[in-house]
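To start, the structure itself, in structure tokens.
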Amino acid sequence: NDVTKVEERFSYNVVITADTQIKGSAGFLHAITFSPNDATPTAGTIIVYDNTAESGNQIFNWNVAATAFIPFTVIFDVKFATGLYVGFTTTADLNVSVSYR
């Protein structure tokens, strides 16, 4: 009936709590979900890089306050050219899940 159906499909990583390379080549970042895994996360920073290591072009930089918060998701829908890497300066009390392709 001349109808085109478009369906987005993304991969995801297991929940991470420390520095992790998500993808080692170019791709598409859909979303990142953040949630605390204890009552009060440790203050610090979460930085998402367009790279295969913790350096280079930053896609996102979030300063984590040492206060309780409800889980939330940030939608990006952006391309990355080199790779996808998530760097933490907090301790392992913050969960991050990345949706990408």
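The values are calculated or read from the model by the stated rules, or taken from the named source; none is laboratory data. Keep in mind the model is a prediction, meaning the values are calculated, not measured. For neighbour counting, all protein chains shown are included, and Cβ atoms are generated from backbone atoms with ideal geometry for every residue, glycine included. The protein model used for the area step is the full one, side chains on, heavy atoms only, and it has no ligands, DNA or RNA in it. Shrake-Rupley method; radii C 1.70, N 1.55, O 1.52, S 1.80 Å.
Brief remarks follow.
- Each residue in segment 73-101 was checked for being farther than 23 Å from Arg9 by Cβ and either among the aromatic types (Phe, Trp, Tyr) or more than 11 Å from the chain's Cα centre (by Cα) (or both), and 7 pass.
- Filter result for Asn13 (touching a residue at least 24 places away in the same chain (Cβ under 8 Å), open to solvent by 70 Å² or more (accessible area, probe 1.4 Å) and not charged (D, E, K, R)): no
- Subset of segment 58-72 (residues that are of a type in the set (S, T, N, Q) and touching a residue at least 24 places away in the same chain (Cβ under 8 Å)): Thr67
- Taking the listed residues Ala26, Ala31, the one that is surrounded by 12 or more Cβ atoms within 10 Å (Cβ to Cβ), within 11 Å of the chain's Cα centre (by Cα) and touching a residue at least 12 places away in the same chain (Cβ under 8 Å) is Ala31, with no other qualifying.
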